[in-house]
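Since the structure comes first, as structure tokens, the remarks are kept for the end.
The values are calculated or read from the model by the stated rules, or taken from the named source; none is laboratory data. Keep in mind that this is a model prediction, so the values were computed, not measured. Cβ atoms come from the backbone with ideal geometry, glycine included; neighbour counts cover every protein chain shown. To get the accessible areas, we keep the full protein, side chains included, count just its heavy atoms, and leave off ligands, DNA and RNA. Shrake-Rupley method; radii C 1.70, N 1.55, O 1.52, S 1.80 Å.
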Amino acid sequence: MKRVLVVSVEPPWPAQHGGRIRTARVAEALSGHAEVLVTFPDHGERQVDPPVPTRPLPWSPPSAVRTRASGGPHLGGHYMVPIADSLDALCEEFRPDAVYWSHSYLAAWAPPSARGVPQIVEFANIEGRRLQTLVTSAHGWQRLARRAEATKAAFWEPRVAARAALCVALSQPDLAVLRGWTRDVVLTPNGVDVQPYSPSPPDGYVLALASYDYEPNVLALRTFVRDVWPLVRAELSTAQLVVAGRRSEALGQEFGAVSGVTVLGTLDDLADAYAGAALTVAPATTGGGSQLKLTESMSRGRSVVMSTFAAQGLPGAVRGAGAYWVADAPHPFAGAVVDGLRNLSARQARERTAWQLCAALGWPQTVRELVAAISALADGKPAL
């Protein structure tokens with residue numbers, strides 16, 4: 001059996017949020033066709049007995065001087081510089097037939113031993129575009145640093161794509177960019193863990209579920225609570241907003257006193273949060289292009305009010321099917337939320353449509369083509 005080394009930014013298991021879920025499901029699917037080992041910098045919570053073998057590598061935050069002054073991505077260096085020697089040793093020991101990088105910025109710092117075999121690089125985002133969206137929200141030295149990182153991405157990102165045996169795009173817009181850099185690209189959108197359908201409750205709340213250690217999600221929530229939520233409450237005084245997700249407890253003091261807002265914090269199990277929700281919101285207008293939480297919400301029978309920016313990353317299977325709302329300005333966004341809360345039958349029709357469409361997005365189906373391509377590379381065959 002061929003060997004595939006998966007390099008991630010963090011432990012994929014427990015698979016509790018977007019990045020972890022995707023890496024976990026790809027590794028699990030791949031393990032049915034190859035001997036898979038998942039490695040990562042040893043930080044954050046990790047499962048004692050994961051479904052796929054793992055090898056954490058000793059890590060501590062490095063000085064930012066080297067990574068910011070280099071021509072490579074600072075974020076990749078942050079994770080890769082401290083583990084470079086350990087990863088070299090692991091490659092010598094495991095002798096992979098292919099290496100799967102869960103983020104392009106990790107592949108940009110690949111040590112020589114990992115470059116001697118086919119490289120599969122997942123572009124979770126087009127980093128140059130993502131960084132450009134973050135420039136305007138920064139000030140002072142941070143704005144300069146982000147602009148510098150975006151400029152660097154124009155050089156390292158296409159080069160990583162060009163030297164990869166296979167690139168992985170998560171959305172159609174990202175696929176178009178990658179095809180300008182290489183012909184070896186496969187589109188693998190985010191999948192879902194399909195759940196039984198349970199209709200949203202008549203008196204459910206609005207759920208803002210996200211990873212709140214990611215700046216675009218925090219900024220979007222602040223804008224929503226400041227500009228949109230008062231409009232919702234003016235139309236529907238009983239409306240309730242529940243904020244939940246990784247590191248959301250850090251926002252408790254900021255939003256805890258806002259009328260109709262409750263902050264739950266980090267959750268080990270999302271089932272109860274979804275069960276009480278009428279609908280979810282995804283108001284982000286900066287950051288990356290494909291948000292797994294959109295299809296996760298739909299697969300749990302909860303429709304989404306989302307920004308145009310968020311909608312761009314939707315998989316084709318659910319796009320344009322009348323299964324969600326899209327709005328941007330405060331009044332239209334608030335109007336969509338109020339419409340969803342008030343009109344139970346219409347809301348449940350949308351959510352059921354979304355849930356049915358998500359049946360085609362189960363992870364085994366979604367990653368099938370990718371797994372076949374990786375298996376072919378590991379066997380020394382053309383991937384596409």
Return the inverse of the average 1/r over all pairs of distinct C-alpha atoms in segment 53-132, which is the Kirkwood hydrodynamic radius, in Å to one decimal. 13.4 Å
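Would you mind getting the accessible area per residue of segment 73-228, heavy atoms of the protein chains only, 1.4 Å probe, in Å²? Please report the intermediate quantities before stating the final value.
Working: 6370 Å² over 156 residues.
I get 41 Å² per residue for this part.
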Extension gain from Asp203 to Ala346, taking 0.36 nm per residue of separation minus the Cα-Cα distance: 50.0 nm
Tell me which lysines have Cα within less than 18 Å of Lys2's Cα, excluding those fewer than 8 residues away on the same chain? Lys381
Looking only at lysines whose Cα falls under 25 Å of Lys293's and that sit 8 or more positions away or on another chain, we get none
Gyration tensor verdict on segment 237-321 (Cα atoms; rounded if a/c is under 1.5, prolate if a/b is larger than b/c, oblate otherwise): prolate
Tell me what the chain gives for mean residue ellipticity at 222 nm when only DSSP H runs of n ≥ 4 count, each as -39,500 (n - 2.57), the sum divided by the residue total, rounded to 500 deg cm²/dmol. -12000 deg cm²/dmol
Apply 1/(1 + (r/R0)^6) to the Cβ-Cβ distance of Asp272 and Ala250, taking R0 = 30 Å, and write down the FRET efficiency to the nearest 0.05. 0.90
How many angstrom lie between the Cα centre of segment 117-186 and the Cα centre of segment 274-319? 22 Å
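If contacts are Cα pairs under 8 angstrom and at least 6 residues apart, what is the relative contact order of segment 1-152 in percent?
Answer for segment 1-152 is 22 percent.
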Using a Förster distance of 35 Å, how high is the FRET efficiency between Thr262 and Thr285, based on the Cβ-Cβ distance and rounded to 0.05? 0.90
Percent carbon-and-sulfur accessible area, the chain, ignoring ligands, DNA and RNA, probe 1.4 Å: 53 percent
Using a Förster distance of 22 angstrom, determine the FRET efficiency expected from the C-beta separation of Asp49 and Val194, and round it to 0.05. 0.35
Relative contact order of the chain, pairs being alpha-carbon contacts under 8 Å that are 6 or more residues apart, as %: 16 percent
Give the whole-number value, in cubic angstrom per residue, of the convex hull volume spanned by the C-alpha atoms of the chain. 132 Å³
